[in-house]
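Participant: Starting off with a structure, shown below.
The values are calculated or read from the model by the stated rules, or taken from the named source; none is laboratory data. Since the structure is predicted, the reported quantities are computational estimates derived from the model, not experimental observations. Here the Cβ is made from the backbone with ideal geometry for all residues, glycine too, and neighbour counts use every protein chain on show.
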Amino acid sequence: MRKIQSSLLYRWFDQVWNQNDENAIDRLMANDAEFHGIVTENNTKGVPGFKLFFRDFTSRFHNITIDVEDVVSEDDMESARTLITATHTASNKVVVVPGICMIKVESGKIAEAWNHYDFLSLHEQLGQKLVPVE
C-alpha cells in the first residue's frame, strides 16, 4: 500500500491548505516554480505568484480542506487525486471540487505543477452561469 503521507504533495496540501500556512509555500515550492492551470494577476510565477493565488482563494473561501485521496510517485514526478471542500465566504455555501495535481520535484521542492480542478462545477455550485464573451 502506498504511504501518501510521505509524499511532497500530501505535505503541500496539508500544510499550505489544511493548516492555512502561507509560509509553507516558501518551504515546499522552488522560488521560480512554474505552475499551470492556475491564473494569477499579471501571470506572476514562482512563490510570489502562488502566494497571490493563495491569498485570493483564501479571501473568497474559508474552512478549506483538501483531502488527498491518492498519490502516485515515480522518479521526480508525483500526482495526487484530491477533493477540495470549502465554504464560499460571500454566500456561505459549501462547495466540493475534485481535482488532480501533478508536480515535478527538484531538490525536495515543487519545481513545476500541473493543476486540473473542476472549477466549472465550483461556479455551478455557487449558482453562477458562465456565458460566452462575444
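Participant: Does segment 60-71 contain at least one residue that is touching a Lys or Arg at 6+ places or on another chain (Cβ under 9 Å) and either in a loop (DSSP other than H, G, I, E, B) or closer than 29 Å to Gln128 by Cα (or both)?
Facilitator: There is at least one residue in segment 60-71 that is touching a Lys or Arg at 6+ places or on another chain (Cβ under 9 Å) and either in a loop (DSSP other than H, G, I, E, B) or closer than 29 Å to Gln128 by Cα (or both).
Participant: Do we find a residue being within 12 Å of the chain's Cα centre (by Cα) and modelled with pLDDT under 95 anywhere in segment 17-36?
Facilitator: yes
Participant: Something else about it: Search segment 108-132 for residues that are under 19 Å from Arg81 (Cα atoms) and pair each with any residue that is acidic (Asp, Glu) and at pLDDT below 95 when their beta-carbon atoms are under 7 Å apart and the residues are at least 6 apart or on different chains.
Facilitator: Once the first residue is under 19 Å from Arg81 (Cα atoms) and sits in segment 108-132, its partners that are acidic (Asp, Glu) and at pLDDT below 95 give Glu112/Glu34.
Participant: Follow-up. Report yes if Leu52 is surrounded by 12 or more Cβ atoms within 10 Å (Cβ to Cβ), closer than 18 Å to Asn20 by Cβ and at pLDDT below 95, otherwise no.
Facilitator: Considered against the rule, which asks whether it is surrounded by 12 or more Cβ atoms within 10 Å (Cβ to Cβ), closer than 18 Å to Asn20 by Cβ and at pLDDT below 95, Leu52 comes out as yes.
Participant: As an exercise: evaluate Met102 against (1) on the phi > 0 side of the Ramachandran plot; (2) assigned to a strand (DSSP E or B) and give the number of the one condition it does not meet.
Facilitator: Against the list (1) on the phi > 0 side of the Ramachandran plot; (2) assigned to a strand (DSSP E or B), Met102 comes up short only on (1).
Participant: Can you name the residue in segment 1-40 that is part of a loop (DSSP other than H, G, I, E, B) and touching a residue at least 24 places away in the same chain (Cβ under 8 Å) and, of all such residues, is surrounded by the most Cβ atoms within 10 Å (Cβ to Cβ)?
Facilitator: Ranking the candidates gives Ser7 first.
Participant: Given (1) surrounded by 16 or more Cβ atoms within 10 Å (Cβ to Cβ); (2) hydrophobic (A, V, I, L, M, F, W, C); (3) within 18 Å of Asn63 (Cα to Cα); (4) modelled with pLDDT of 95 or more, where does Val96 come up short, assuming only one miss?
Facilitator: Only one criterion in (1) surrounded by 16 or more Cβ atoms within 10 Å (Cβ to Cβ); (2) hydrophobic (A, V, I, L, M, F, W, C); (3) within 18 Å of Asn63 (Cα to Cα); (4) modelled with pLDDT of 95 or more is unmet by Val96, namely (1).
Participant: Give me the pairs: first residue in segment 88-103 and under 17 Å from Phe13 (Cα atoms), second residue among the β-branched types (Val, Ile, Thr), beta-carbon distance under 6 Å, and six or more apart or on different chains, which are they?
Facilitator: Hits for this filter: Val96/Thr85; Val97/Ile84; Gly99/Thr82; Ile103/Ile110.
Participant: Same structure, new question: Test Arg81 against the stated conditions and say whether it is modelled with pLDDT of 95 or more and either in contact with a Leu (Cβ under 6 Å, 6 or more places away or on another chain) or in a helix (DSSP H, G or I) (or both).
Facilitator: no
Participant: What is the number of the single condition among (1) modelled with pLDDT under 95; (2) part of a strand (DSSP E or B) that Gly127 does not meet?
Facilitator: Here Gly127 meets the rest and fails (2).
Participant: Still on this structure, please answer the following. Of all residues in segment 59-82, how many are under 25 Å from Lys93 (Cβ atoms) and either in contact with a Ser or Thr (Cβ under 9 Å, 6 or more places away or on another chain) or in contact (Cβ under 8 Å) with a residue 60 or more places away in the chain (or both)?
Facilitator: Selection size over segment 59-82: 12.
Participant: Within segment 55-83, can you find the residues that are hydrophobic (A, V, I, L, M, F, W, C) and farther than 16 Å from Arg11 by Cα?
Facilitator: Result: Phe57, Phe61.
Participant: Given (1) farther than 22 Å from Leu126 by Cβ; (2) of a type in the set (Ser, Thr, Tyr); (3) surrounded by fewer than 13 Cβ atoms within 10 Å (Cβ to Cβ), identify the lone condition not met by Ser79.
Facilitator: Only one criterion in (1) farther than 22 Å from Leu126 by Cβ; (2) of a type in the set (Ser, Thr, Tyr); (3) surrounded by fewer than 13 Cβ atoms within 10 Å (Cβ to Cβ) is unmet by Ser79, namely (3).
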